[in-house]
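Take this structure first; my questions come after.
The values are calculated or read from the model by the stated rules, or taken from the named source; none is laboratory data. Note that the coordinates shown come from a computational prediction; the quantities given were computed from them, not determined experimentally. Because the Cβ atoms are built from the backbone with ideal geometry, glycine has one as well, and the counts that use them run over all protein chains shown. Accessible surface areas use protein heavy atoms only, side chains included; no ligands, DNA or RNA. Shrake-Rupley method; radii C 1.70, N 1.55, O 1.52, S 1.80 Å.
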Protein chains: 2
Amino acid sequence: MDALEKVTGDARFTADVQLPGMLYAALLRAPVPSGRITKLDLSAALALDGVRGGLTLTDVERIKIDGVQILEHDVRYANQVIAAVCADTLEIAERALHAISCDIDASHPVLTVDDAVAPNAPNVRPHGNLPRNTPRKFSRGDIDAGLRDADVTITREYRTPVALHTALEPHGAVADWSGGMLTVWESTQGIFLTRTELAKAFGLPLSKVRVIKNYMGGGFGAKNGASHATYAAAALSRKLGRPVRCVLDREGEQSDAGNRPATTQLVTLGAKRDGRLTAIKLEAKVPLGAAGWLGGPARIYHEIYACPNVHTVETFAYVNTSPMASFRAPGHTEGAFGLECAMDVLARELNIDPLELRKRNYADRDQDKSRPYSHKALDVCYEAGAERFGWTRARAARPSTGRVRRGVGMASVIWGAGGGPPAYATVRLNRDGTIEVLTGAQDLGTGARTVLAQIAAEVLGARLTDVRTILGDTERLPYASNSWGSITTASVGPAVRVAAEEACDALFDAAAGILGTEPSDLESHDSEIHAKSNDKCVLFRDVCEKLGDVMIIGQGSRGPNPDKTAIGAFAAQFAEVEVDTETGRVRVLRIVAAHDSGRIVNPTLAESQLEGGIIQGLGYALFEERALDATLGLPLNPTMHDYKVPTIGDVPVIDAFFVDTADPVANHIGVKGLAEPPMRTQSRMLSAERCLRFR
Amino acid sequence: MDALEKVTGDARFTADVQLPGMLYAALLRAPVPSGRITKLDLSAALALDGVRGGLTLTDVERIKIDGVQILEHDVRYANQVIAAVCADTLEIAERALHAISCDIDASHPVLTVDDAVAPNAPNVRPHGNLPRNTPRKFSRGDIDAGLRDADVTITREYRTPVALHTALEPHGAVADWSGGMLTVWESTQGIFLTRTELAKAFGLPLSKVRVIKNYMGGGFGAKNGASHATYAAAALSRKLGRPVRCVLDREGEQSDAGNRPATTQLVTLGAKRDGRLTAIKLEAKVPLGAAGWLGGPARIYHEIYACPNVHTVETFAYVNTSPMASFRAPGHTEGAFGLECAMDVLARELNIDPLELRKRNYADRDQDKSRPYSHKALDVCYEAGAERFGWTRARAARPSTGRVRRGVGMASVIWGAGGGPPAYATVRLNRDGTIEVLTGAQDLGTGARTVLAQIAAEVLGARLTDVRTILGDTERLPYASNSWGSITTASVGPAVRVAAEEACDALFDAAAGILGTEPSDLESHDSEIHAKSNDKCVLFRDVCEKLGDVMIIGQGSRGPNPDKTAIGAFAAQFAEVEVDTETGRVRVLRIVAAHDSGRIVNPTLAESQLEGGIIQGLGYALFEERALDATLGLPLNPTMHDYKVPTIGDVPVIDAFFVDTADPVANHIGVKGLAEPPMRTQSRMLSAERCLRFR
């Protein structure tokens, strides 16, 4: 529905916002990964023509992000923001950065988990390098008994690199303090969470902070709340009394706006001869960077396959690199790589078809809490995917020989995509019969405006072109949660449906009076209401016009999910790749992805998300890796030129589809999330090493 | 509640809106009041550096305001807009106007009603000079019988001048076409009406037009919908593909943004010897200007006093002067002047105290439809006002002699202030316990933000500082009607109360669980809830925090008024003035105003409105008059320097108060309107001629 705005350039992104008297902020970043600032002198920068002010530690002492201040005496990673200046133009602000005088007493950086946990390791964070001072452990059953009980055990170590979100639109905000209110335009996946964080940081009541998001060029988890740019813009605006724009440049985006942390996964699997898993064991190491939450790879080990004995240990450590952030199925994507690689090794050891091995360990209940799944069509995905891919035929083919060889692989997906927290929506009819859907959700670029409008249009029997969805304003729209965890359609969709049903009831009541019949006698389509008994009809707009100032308004909400069932999205993905055994070059030839995300509201948008996820996974597996100088701790490829995301030339034939079976329990529109699943196992399948070893 | 923003300059008015790439429009105005444009050539203007485009008749042929196009071949009044140009700065745009080449075949203007109705008068409007081709007549009872039945009859003619609204903030808009949507920031009393007008003018669905109004520097009726500035800005933005600002300069505001039309009122009253009216007769003439609705003086003659026989004739005519617009109690203010002057003449003839004469004709029912009043405390106003003024003592005093003489006068007020059409509101609590009131009403500067917040705070038992009111956005806020007819508090207030009650119920339900009691056991104040039975208490914010993402939201609406009762605001105003019998200079010494507007929600704001209305009435009576060259038809004083509004030095001691008795029937908050009553009879009381004749 917003294609026109996007292709014509009419769509206004955060960086397009311009306010009277607005200033531009530029950020000074640390040239070393570790040290202490001994001198920071902005006076020469502030004296420049057009420079209006600056920000140093003393301005922001009470502002904390994830427990870390936005400006600190301590440098904890390279490219950390250490000061900001604000000027009439961005060019002046950026030039002024060079006039800042800054001395740093550099120290030796901690760059790996092993370094971080070594005795006498310097502290990356004041309270030590281990979050909660201990690794995170999980046990189910008896891992030792499970390993003893196994006919076959295998152990392998897998490593995944640091990956960067690389959203087309960088982080950025325009902040405006006015009349004791802080208004922020922000490229964010969570307007209400950003509001909460800003209110807390600046000591404001929630009603005095407004967060607005119009269009957005991707988030992938790195934009869940307020960012450095947000806090810097808000703090500068407060200090200078003028609106301030702070948008990260590409280098800032690539080096200090979150990443998927690296992992090391030491995996042991034990199984009976028939393939049934008796033990899953994981020892993982995750360097989080200088801050971050504990997004580790273990959870998929706990839940994807039926296994009574599971033991995982994740050692997270703070290191002198830029902080991690959620990234499209955080933890699961990394974990899927390790576990599914190990499953293939196990299949080889057992001489069982890898797909068959997965089927034999099919979990029909949530493994953690032993709850039934609301609906699980992974078995259908296995069958349909294998059929479309020609799995049996491909497996039976003679192994390729010569320099360039081919191989096939597959993997399973699980993701908790039931929708999460409550959401609220309003559906109302204007006097001309046009319809507005209002909800404080946000559209990352995935099409929420269209999907929510479709739901309202279908309930009301309205033309889709008569419906507009209005999103992205904490002050004026009903509450909805972050657009994360693939939840928007599943969370907000049911609320829109309820609101549309309420509006439809009111509309039919009014129409029944006009048509001389009962509401139950009515049906609607194309924004017109028909009475079945007397064949009369009336347009929505004629009903609304007749009601005059009496408005048709429906309110809807969606409560929290009941805890009795587990809700998951599932998928099976298959790939065929070609490897040049001399150069190591991998070419992906084709991918088949069969997904169960419940009912699919908009196939075009949904399939686009599958394709996007698959391509992003392909980049993660084949090309993408944040390169860091192992001694100096400096990022080596924080640009689009050096950090290699896939181009259209790298993209294979993708046959991505949904089994499209509405989940009858998850919610009353039968949908589950779909944004994150396609990314997750794709990455694993494309490991060149595995393809070569595969058959 | 918004005082801080206003005094610090933080409050953003329409002219403060600035958008990326915004252009500035300037309007070319006709130098003669009547004629036909024979040539209009913008090419030299468009060739100037920085000029981006222009607007002529061909651009706007389908855009009509009140049946008149915004640009026409025909010039119907001096200063009519005939073209527009748009440039990078306002200075360039204004300079470019001088480069427009325009020839007008001027004709002799029609300037008075008598001219307009003369045989062979040129047509001001294509279909003639008389709206509906006939005067407007009204009859109740038998006027001839009433006059025959009278013991005393008097006849007088009164004239009122054209007055200008002179709002501090001129009309203006910023229009932005983007992605097929038209967004307009507008200084308007009616965001939803402006939306309707724009949608109609530009052929857009209502859902594709958004009207936003933040702060406003007065309207007084001239800003009820879209203005020339709005249409010009929108048409230019559509044409040029960039945002366009069009704000009237003061001369445009004073000469082409509405006015209170002049009247001539020939009044005949008949009464019995005891003062009871037997006949009220009016013949009025109202030159509307080149357009306008039929706002005439007759209605107050019909309704304010009990009289069985009433006959009024109003002859409206289109003339070659700028169009009239609603102006603070349109028609009533003019009519009150004529009727109340005549009542004083009658009192003198009958030798009855003027106050006593009014009491003897007290109407306890709506005279037109014979409905009972919901509540009428005019009698209390008479008593309380007379007491505070010292009416009896003043009347009994020896008439002053000498050059400077003193006199006293009084008058009655009636205004239909029951609230009008439906309104909708939302009241919601944030997770920190702060409260937001959302409604699509607008605040003219009269304090709606504060009053609506008070209503919500009182219902909820919240601290007022915890409540914020959010107004002025058609796209994101619930529908409310125009802020006209003194309706905002009476229309929107009840909707806010219902919404707050619904929110309070939800809040108490949640609190009862926390406090281990029943909701009926709870009471709240200062944003804290107490259980009467166990003396426990909990803060709003703790309840909300506990609810997490489950929001407390109340929805409220107010239906249309039932037609069975008449709802009116009433007042009695008293004045003492001093007249220099040689120079004619009048000094107003003191004014007492006793008003019945039902329950007063905010005494400070309400009294401020009384004072504002009284001062505006004083200006109307003593200083203000649009001067027009009687031959050329050109405005002579379209500036703040030449059009004399009262200064603080002209303002007497004002003792304005409310009898403050809640109207139990009008609505469930007991309020009635109060914006327009104070203006209305004030003007009449200050007629120097009357003061001199008075005692």
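What is the pair-distance distribution P(r) of the protein assembly as shown, computed from all Cα-Cα distances in 10 Å bins starting at 0, with each bin given as a whole percent?
With a bin width of 10 Å, the distribution comes to 2, 8, 14, 17, 17, 15, 11, 7, 5, 3, 1, 0, 0.
Would you list, by chain and number, the aspartates and glutamates whose Cα falls below 20 Å from the Cα of A:Lys137, excluding same-chain residues fewer than 8 positions away?
Result set, ordered by chain and number: A:Asp114, A:Glu157, A:Glu283, A:Glu303, A:Glu314, A:Glu334, A:Asp366, A:Asp368.
Leaving out same-chain residues fewer than 8 places away, which lysines sit with a Cα under 25 Å from that of A:Lys536?
A:Lys546
Quick one: accessible area per residue over the stretch A:130-219, 1.4 Å probe, rounded to a whole number of Å²? Provide the component values of the computation, followed by the final result.
On the way: 3370 Å² over 90 residues.
That works out to 37 Å² for each residue.
Which residue in chain B puts its Cβ closest to the axis that rotates chain B onto chain A, and at what distance in whole Å?
Result for the axis mapping B onto A: B:Arg476, 2.
While we're on this one: Excluding residues on the same chain fewer than 8 positions from A:Lys272, give the aspartates and glutamates whose Cα lies under 13 Å from its Cα.
A:Asp149, A:Asp151, A:Glu349
When the convex hull of the Cα atoms of the stretch A:164-303 is projected onto a plane and the area is averaged over all directions, what value comes out in nm²? Spell out each step's value before the answer.
Values: hull surface 44.6 nm².
In nm², the orientation-averaged hull projection of the stretch A:164-303 is 11.1.
Set the Förster radius R0 to 35 Å, insert the Cβ-Cβ distance between B:Leu90 and B:Lys64 as r into 1/(1 + (r/R0)^6), and round the FRET efficiency to 0.05. Spell out each step's value before the answer.
Working: r = 27 Å, r/R0 = 0.77.
Once the sixth-power term is evaluated, E becomes 0.80.
Now for a different question. Cα centroid distance between the stretch B:253-277 and the stretch A:257-281, in Å?
Their Cα centres are 92 Å away from one another.
Here is a follow-up. Relative contact order of chain B, please, whole-number percent, based on alpha carbon pairs below 8 angstrom and at least 6 residues apart. Before the final figure, lay out each step's value.
Values: 1800 pairs, mean separation 102.2, N = 695.
Averaging sequence separation for qualifying contacts and normalising by length gives 15 percent for chain B.
A follow-up question, please. Any idea what the relative contact order of the stretch B:408-472 is, in percent, if you count C-alpha pairs under 8 Å spaced at least 6 apart? Show your work: numbers first, answer last.
Details: 72 pairs, mean separation 20.2, N = 65.
That works out to 31 percent.
Please report the accessible area of A:Trp415 (heavy atoms, 1.4 Å probe, ligands and nucleic acids excluded) in Å², nearest 10.
30
Still on this structure, please answer the following. Put a label point 7 Å from Cα along the Cβ direction on A:Asp526, then list its distances to the equivalent points in the other copies in nm, shortest first.
Nearest to farthest, the other copies are at 6.4 nm.
OK, next. Per-residue counts of other Cβ atoms within 10 Å, averaged by peptide: what ranking do you get for A:568-578, A:145-155, A:118-128, B:607-617, highest first?
On the way: A:568-578: 26.2, A:145-155: 16.5, A:118-128: 12.9, B:607-617: 23.1.
In descending order of packing, they fall as A:568-578, B:607-617, A:145-155, A:118-128.
Sticking with this one: Report, in whole Å, the centroid distance computed from the Cα atoms of the stretch A:490-568 and the stretch A:312-358.
What the calculation gives is 47 Å, centre to centre.
How much of B:His641 can a 1.4 Å solvent probe reach, expressed as accessible area in Å² and rounded to 10?
140
Copy-to-copy spacing for A:Glu94, label 7 Å out on the Cα-to-C-beta vector, in nm, shortest first?
3.7
Related question: Can you grab the distance from the C-alpha centre of the stretch A:181-208 to the C-alpha centre of the stretch A:1-50, Å, no decimals?
Their Cα centres are 19 Å away from one another.
Moving on to the next point. Shortest first, in nm, what separates the label point of A:Gly128 from those of the same position in the other copies (7 Å along Cα→Cβ)?
9.6
Give me the percent of accessible area attributable to carbon and sulfur for the stretch A:1-75, probe 1.4 angstrom.
Numbers: 1830 of 3630 Å².
Looking at the stretch A:1-75 in its full context, I get 51 percent from C and S.
Convex hull over the Cα atoms of chain B, averaged projected area in nm²? Working shown, then result.
Numbers: hull surface 132.0 nm².
Quarter of the Cα hull surface area: 33.0 nm².
OK, next. What are the residues whose amide H is under 5 Å from the amide H of A:Tyr158, where those residues sit 5 or more places off or on another chain and H is modelled from the backbone?
A:Gln265, A:Leu266, A:Val267
Report the relative contact order of the stretch B:101-247, percent, no decimals, based on alpha-carbon pairs under 8 angstrom and at least 6 residues apart. Could the numbers behind the result be given before it?
Working: 175 pairs, mean separation 33.9, N = 147.
Result for the stretch B:101-247 is 23 percent.
Whole number please: convex hull volume per residue, Cα atoms of the stretch A:1-122, in Å³. Let's see the in-between values first.
Working: hull volume 21.9 nm³, N = 122.
Given the Cα convex hull of the stretch A:1-122, per-residue volume reads 179 Å³.
Ordered by packing density, taken as the mean number of other Cβ atoms within 10 Å over each peptide's residues, highest first, how do B:184-192, A:191-199, B:9-17 rank?
Values: B:184-192: 27.9, A:191-199: 24.1, B:9-17: 18.4.
Result, highest mean Cβ count within 10 Å first: B:184-192, A:191-199, B:9-17.
At a 1.4 Å probe, what is the % contribution of carbon and sulfur to the accessible area of the stretch B:512-647?
Numbers: 3030 of 6140 Å².
Carbon and sulfur atoms account for 49 percent of the accessible area of the stretch B:512-647.
Skipping prolines and chain starts, which residues have an amide H placed within reach, meaning under 5 Å, of the one on B:Ala411, given they are 5 or more residues away or on another chain?
HN-HN under 5 Å from B:Ala411: B:Gln573.
So, one more: Are any of the pairs A:Lys208/B:Lys6; B:Lys564/B:Lys672; B:Lys369/B:Lys672; A:Lys281/A:Lys359; B:Lys39/B:Lys223; B:Lys6/B:Lys223 more than 25 Å apart by Cα-Cα distance, and if so, which? Each step should come with its number before you reach the end.
Values: A:Lys208/B:Lys6 16 Å; B:Lys564/B:Lys672 17 Å; B:Lys369/B:Lys672 20 Å; A:Lys281/A:Lys359 20 Å; B:Lys39/B:Lys223 32 Å; B:Lys6/B:Lys223 20 Å.
In this structure, B:Lys39/B:Lys223 exceed 25 Å between Cα atoms.
A further question follows. Give the average, rounded to an integer, of partner chain Cβ atoms located within 10 angstrom of each Cβ in A:475-488. Write out the running numbers ahead of the final one.
On the way: counts 7, 10, 4, 6, 7, 2, 1, 0, 0, 0, 0, 0, 0, 0.
Mean shielding count: 3.
Let me ask something else. What number do you get for the stretch A:194-244 when its Cα radius of gyration is normalised by 2.2 N^0.38 Å, N = residues?
My calculation over the Cα atoms of the stretch A:194-244 gives 1.19.
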